[in-house]
1. Determine if region 105-115 includes at least one residue that is under 21 Å from the mean Cα position of the chain (by Cα) and within 22 Å of Met91 (Cα to Cα).
2. Which of the residues spanning region 47-75 are within 16 Å of the chain's Cα centre (by Cα) and outside any helix (DSSP H, G or I)?
3. Given the options Val99, Val120, Val109, Val49, name the one that is at pLDDT below 95 and surrounded by 13 or more Cβ atoms within 10 Å (Cβ to Cβ).
4. Among the residues of region 92-108, is there at least one that is part of a loop (DSSP other than H, G, I, E, B) and small (Gly, Ala, Ser)?
5. Check region 148-157 and report whether any residue there is open to solvent by 70 Å² or more (accessible area, probe 1.4 Å), out of contact with any Leu (no Cβ under 6 Å at 6 or more places or on another chain) and within 11 Å of Phe97 (Cβ to Cβ).
6. Of all residues in region 78-106, count the ones that are under 21 Å from Ile122 (Cα atoms) and touching a residue at least 12 places away in the same chain (Cβ under 8 Å).
7. Name the residue, out of Glu55, Glu61, that is open to solvent by 80 Å² or more (accessible area, probe 1.4 Å), closer than 21 Å to Met114 by Cβ and modelled with pLDDT of 90 or more.
Amino acid sequence: MTPMPNPHGAPAGPRFSWRGKFTARASRAGRSLALLALCGLAGCPMSPVEKNRTEAFKQYETIIRWSQWDAAVSFLAPEYMQEHPVSQLQMDRLRLFRVTQYTVRVSNVLEDGMSALQVVEIRMFNTNQAVERVILDEQDWRYDPPSKRWLLHSGLPDPTRHR
């Protein structure tokens, strides 16, 4: 390389661009990260049960966020519904609330991969009293192989159990 004069008064030297070096490094790092992500995804494919769990949890979260309490009942396990039927009073009480926040605090899949526990913080605004309540909803999820669905065995959120 031939030395080039520097217009800023610095001594003459080989042409050097920090930007060129940075973008080359960033480009290499980006390709490396993309390759690692691709290998990671290819190396650990989700089983149908895991994929189903992820989808069920997202659907349930969306239904609760939109305060669609009647739709949330469809996630309850039939066995649970027989032992703990949802009363009209419970549904009317839930309809008084609009969910303002749904935050998963803890999510654990048990060793068998067929059951999971979640602790969710739900902020609910009571439209009649103009008061927000915060509840911790402890969710017990189990996979039902015949229906190929994840079902809730712990009931709907209970706004009377606020902190």
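The values are calculated or read from the model by the stated rules, or taken from the named source; none is laboratory data. Just so you know, these numbers come straight off a predicted model, no measurement behind them. When we count neighbours, we look across all protein chains shown, and the Cβ atoms used for this are built from the backbone with ideal geometry, even at glycine. Surface accessibility is based on the protein's heavy atoms, side chains included, excluding ligands, DNA and RNA. Shrake-Rupley method; radii C 1.70, N 1.55, O 1.52, S 1.80 Å.
1. Checking region 105-115: not a single residue is under 21 Å from the mean Cα position of the chain (by Cα) and within 22 Å of Met91 (Cα to Cα).
2. Listed by number, the list holds a single entry, Trp66.
3. So the residue among Val99, Val120, Val109, Val49 that is at pLDDT below 95 and surrounded by 13 or more Cβ atoms within 10 Å (Cβ to Cβ) is Val49.
4. Within region 92-108 (the criterion being part of a loop (DSSP other than H, G, I, E, B) and small (Gly, Ala, Ser)), the answer is no, since none of the residues qualifies.
5. Checking region 148-157: not a single residue is open to solvent by 70 Å² or more (accessible area, probe 1.4 Å), out of contact with any Leu (no Cβ under 6 Å at 6 or more places or on another chain) and within 11 Å of Phe97 (Cβ to Cβ).
6. 17
7. Values: Glu61 fails: open to solvent by 80 Å² or more (accessible area, probe 1.4 Å).
Step by step, each of Glu55, Glu61 is checked, and only Glu55 is open to solvent by 80 Å² or more (accessible area, probe 1.4 Å), closer than 21 Å to Met114 by Cβ and modelled with pLDDT of 90 or more.
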